[in-house]
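K.L.:
The structure under discussion is supplied below as structure tokens; questions concerning it will follow.
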Amino acid sequence: MATEQGFIGRTFGDRDDVMLTLLDNMIWPILAIVLIGVLVFVPQTFRSTQLILWGAVPIGLLVLAESLCLLSGHFDLSIGSIAGFSAMFTGMLLGTCPSCWSVTTSPWIGFGVILLVGSLIGLVNGVMIAKVGLNPFLQTLAFLIIFEGAKTAMQTQPVTGLPALYTQVGATPELAIGLMLVAFLIAGLVLRYTSFGQAVYALGSSEHSAREVGIDTERLIILIYTISGLLSAIAGLMLTGFVGVVPPLIGEGLVFQAFAGAVIGGISLFGGRGKITGALGGVILIQVIQSALNNSPVVGATQIQMINGIVLLVAILLYSTQSKLRARILASGAV
């Protein structure tokens, strides 16, 4: 009888482990189902897989930025506006359009400026949250509004006449896709194998506990938001290269897709749990859906924004269901 109970216990324990693993990697079966559905109903979407991945690069970098903030128990609503503002500001310096400032034509200065602008905005976000004590929602929402307004105040027409090398980074599919994959690879390795990554997860699990074990949480939060701003600026650079100009609406609305990609990818909204590989799966899923909507003869351009909202809602519902199932499994295993 004891042997039988031990066997049953091991069986149920193994089953719980399998269920938890499936829940933590839920993005992959969802992605497989969506890919099959798109292949059946909108097969023209896959005429160019490279184009899908190329279009995923800017949103991928924003998902990575958002995932880092979420893992630390925070979030950043301003990533899209940082991408747009940094791209517009740098474009005005480099561009030769009639209303551009035309300060320099050096693409290398442009690279430095766009990365510096994004990093500084992220740094200010981090300082205001960590040092001043502002709520992340209010702080990043304020910056979203401020920098979207500042972007529009600078220019209401596309910025043209940018140096060829400056746009070439985002305009070359192989280079842009490779950059995104390398960014995810580095982030995954750093979060898994370094003390910084362990500190991020510890901060997301409990800021008080992280502080108790000697982690400088204020410095860590500032660093996380600075990296988020840097990744957002790179996303702005990729968007500029993808389009070839800096459009006046660059970066707008992307924060919601970034949230959806991160959440569908298994990144916890409450911090301390999730994998960067899952976030990458979320990026691919979001881009495949977007490409399918753009190629669908049934869905009009005016309906895409509504459907994107539905995708975000579904992502939240999936996250809620996953969290409840996970809590139920863990509770049953503790009994």
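The values are calculated or read from the model by the stated rules, or taken from the named source; none is laboratory data. Keep in mind that what you see is a predicted model, and the values were worked out from it rather than measured. Please note: Cβ atoms are built from the backbone with ideal geometry, for glycine as well, and neighbour counts cover all protein chains shown. Surface accessibility is based on the protein's heavy atoms, side chains included, excluding ligands, DNA and RNA. Shrake-Rupley method; radii C 1.70, N 1.55, O 1.52, S 1.80 Å.
K.L.:
May I ask you to list the residues in the range 93-111 that are surrounded by 15 or more Cβ atoms within 10 Å (Cβ to Cβ) and not hydrophobic (A, V, I, L, M, F, W, C)?
P.N.:
Across the range 93-111, the qualifying residues are Gly95, Thr105, Ser106, Pro107, Gly110.
K.L.:
Within the range 190-235, can you find the residues that are farther than 21 Å from Ile121 by Cα and open to solvent by less than 30 Å² (accessible area, probe 1.4 Å)?
P.N.:
If the condition is that a residue be farther than 21 Å from Ile121 by Cα and open to solvent by less than 30 Å² (accessible area, probe 1.4 Å), then Leu191, Gly197, Ala199, Leu203, Gly204, Ala210 are the ones that fit.
K.L.:
Additional query: Any residue in the range 122-139 that's among the hydrophobic types (A, V, I, L, M, F, W, C): show its pairings with residues that are assigned to a loop (DSSP other than H, G, I, E, B) and surrounded by fewer than 17 Cβ atoms within 10 Å (Cβ to Cβ) at Cβ separation under 8 Å, as long as the two are six or more apart or on different chains.
P.N.:
Met128/Leu134; Ile129/Asn135
K.L.:
Same structure, new question: Which count do you get for residues in the range 144-189 that are open to solvent by less than 40 Å² (accessible area, probe 1.4 Å), in contact (Cβ under 8 Å) with a residue 24 or more places away in the chain and under 17 Å from the mean Cα position of the chain (by Cα)?
P.N.:
8
K.L.:
Can I ask one more? Of the residues Ile286, Ile316, Ile310, only one is open to solvent by 40 Å² or more (accessible area, probe 1.4 Å), in contact (Cβ under 8 Å) with a residue 24 or more places away in the chain and either among the polar types (S, T, N, Q) or assigned to a helix (DSSP H, G or I) (or both); which?
P.N.:
Checking each option against the conditions leaves just Ile316.
K.L.:
Now a separate question. Might you check whether a residue that is surrounded by 23 or more Cβ atoms within 10 Å (Cβ to Cβ) and closer than 18 Å to Gly178 by Cβ occurs anywhere in the range 249-262?
P.N.:
The answer is no, given that none of the residues of the range 249-262 is surrounded by 23 or more Cβ atoms within 10 Å (Cβ to Cβ) and closer than 18 Å to Gly178 by Cβ.
K.L.:
Among the residues in the range 242-254, are any in contact (Cβ under 8 Å) with a residue 12 or more places away in the chain, in a helix (DSSP H, G or I) and touching a Leu at 6+ places or on another chain (Cβ under 8 Å)?
P.N.:
Checked the range 242-254: at least one residue is in contact (Cβ under 8 Å) with a residue 12 or more places away in the chain, in a helix (DSSP H, G or I) and touching a Leu at 6+ places or on another chain (Cβ under 8 Å).
K.L.:
Right, here's the next one. Can you tell me which of (1) over 22 Å from Asp76 (Cβ atoms); (2) touching a residue at least 60 places away in the same chain (Cβ under 8 Å) is the one Ser102 doesn't meet?
P.N.:
(2)
K.L.:
Another one. Which condition number does Gly271 fail, the rest of (1) touching a residue at least 24 places away in the same chain (Cβ under 8 Å); (2) in a helix (DSSP H, G or I) being met?
P.N.:
Result: Gly271 fails condition (2) only.
K.L.:
Looking at Thr90 and the list (1) within 16 Å of Val283 (Cβ to Cβ); (2) crowded, with 16+ Cβ neighbours inside 10 Å, which single condition is not satisfied?
P.N.:
Exception for Thr90: condition (1).
K.L.:
So, one more: Within the range 117-134, how many residues are out of contact with any helix residue (DSSP H, G or I) (no Cβ under 8 Å at 6 or more places or on another chain) and open to solvent by 70 Å² or more (accessible area, probe 1.4 Å)?
P.N.:
1
K.L.:
Restricting to the range 194-236, give me the number of residues that are assigned to a helix (DSSP H, G or I), of a type outside the set (A, V, I, L, M) and more than 21 Å from Val63 (Cβ to Cβ).
P.N.:
Taking the range 194-236 as the starting set, the residues that turn out to be assigned to a helix (DSSP H, G or I) are 195-205, 207-212, 217-236.
Restricting the remaining residues to those that are of a type outside the set (A, V, I, L, M) gives 195-198, 201, 204-205, 207-209, 211-212, 217-219, 225-226, 228-229, 232, 236.
Subset that is more than 21 Å from Val63 (Cβ to Cβ): 195, 198, 205, 207-209, 211-212, 217-219.
Number satisfying all stated conditions: 11.
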